[in-house]
Amino acid sequence: MKENKKNKDHGKVILFPGMMDRLFNEAKYLAENNQYKEANELFEQALLLGEGDEVSLSIFAYSLYEEKNYERAKQVCEELLAIGPNMYFEVMELYLTTCMQLRQFKQVEKIIESLFDEQLIPEYEAEKFERLKNLNAHIAENQESHFQATIIEDNEPEEFTATEFSVMSAQQQMMLIHELTEKNIRPYSGELKALIENETIQPFIKSLLLILLVEQEINMTVTVTKLGQSKELNPVNFPLPTKLPQYTEITGFITEQLAQEPSTLEFALHLIDKHAIVLYPFEWAGYSSEEVAAGYIYYVKLMFGEEREMNGGIVTFLQNIEKMSDLQE
């Protein structure tokens, strides 16, 4: 086979006619069939050969989001928004959702303000985006107000003790946990175990502490008691919240049923991710995955102002979990 020649004018490698289009088409097909990793690899290959059209880039951005490659998804959305796509608002929704996944709450607030100023938000979406703006503003303000109080000056938190942790505010506890994710927690594993087994620690905080142990594969026995349940486990071989079986089933049902409603889907998945942490290491006990999925769809649509019939038991259960995830004091 002869070596490919480089186009002197554009500096691109020419493989053979139609190669770029074939790569884009195959990538779109894979993405539409939920094979996101394979699709993203082909999208990247195609973009090495030329620029993608609006449809290809839009599908690429969604595919990246589905694979939780939020940084790259944000970049592709920015490229799309820069060219002024026909589906501008849909791309902007994905962009905002991606920024929230990256915890860029202040940026989301400012973007939504600009969208209102430029009158780009459809009237029927105005109430939802006003709530979204206020939510992100609240989170951003809370992050800023607690930042100085929770910075750990010493890179090695030698003074970390269960006693000191237990008297901190919930927001201080969360920021300290965030600091510990960047460190070797083995010297403090005994203190973390004591906190997880402490009945006074909030369920959400217990879950975050347990996730620390699981992520660093700490080999010890921990007894977790909360929400009327108790479980003894070893973090070294215990799955993370998003790897538990019922989580996988519920998100699968949700994704299938809300495939044509991306905004509702993203918000529902956001709630499920958050609630999975609150419940961890337990799941939605007492309800089937189908019931839970239907409950989340109803719950999210209720928040968006849509009324419909639904069994109140599962909704009350989800509302209680949501309250536990709210650590504002």
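A few points about this structure:
- Relative counts (whole %) of C-alpha pair distances in region 253-301, using bins that are 10 Å wide: 27, 58, 16, 0
- As a size descriptor, the averaged projected area of the C-alpha convex hull of the chain was calculated at 21.9 nm².
- For region 107-120, 3J(HN,Hα) computed residue by residue from phi via the Karplus equation (6.51, -1.76, 1.60; θ = phi - 60°) reads 5, 4, 4, 5, 5, 5, 4, 5, 4, 5, 4, 8, 6, 9 Hz, glycine and proline entered as x.
- Cross-link check: pairs K74/K243; K37/K243; K28/K106 evaluated at a Cα-Cα cut-off of 29 Å; pairs beyond the cut-off: K28/K106.
- Helix 19-32 and the longest principal axis of the C-alpha atoms of the chain enclose an angle of approximately 30°.
- The trypsin sites (Lys or Arg not before Pro) found in region 52-109 that occupy coil by DSSP, while having at most 15 further C-beta atoms within 10 Å, are K68, R103.
- In region 16-127, Rg over Rh equals 1.02, where Rg is the alpha-carbon radius of gyration and Rh the Kirkwood radius from pairwise Cα distances.
- Region 32-78: GluC sites (Glu not before Pro) in DSSP coil with no more than 11 other Cβ atoms inside 10 Å: E51
- Of the residues V214, M20, T163, the one whose Cα sits farthest toward the positive end of the charge dipole of the chain, with +1 on the Cβ of Lys and Arg and -1 on the Cβ of Asp and Glu, is M20.
- Region 202-307: Rg to Rh, with Rh as the Kirkwood radius over Cα pairs: 1.02
- Relative contact order of the chain, defined on C-alpha pairs under 8 angstrom at six or more residues apart (%): 9 percent
- Sorted from greatest to least, the principal axis extents spanned by the alpha carbons of region 212-257 come out as 40, 26, 13 Å.
- Residues of region 205-329: accessible area per residue with a 1.4 Å probe, Å²: 46 Å²
- Between Q35 and K106, the simple label model (points 7 Å from Cα in the Cβ direction) yields a spacing of 4.3 nm.
The values are calculated or read from the model by the stated rules, or taken from the named source; none is laboratory data. Predicted model, so just to flag it, every value in this text is computed and none were measured. Methodologically, a virtual Cβ is constructed for each residue, glycine included, from the backbone with ideal geometry; neighbour enumeration extends over all protein chains shown. Remember, those area values only see protein heavy atoms, side chains included, never the ligands or the DNA or RNA. Shrake-Rupley method; radii C 1.70, N 1.55, O 1.52, S 1.80 Å.
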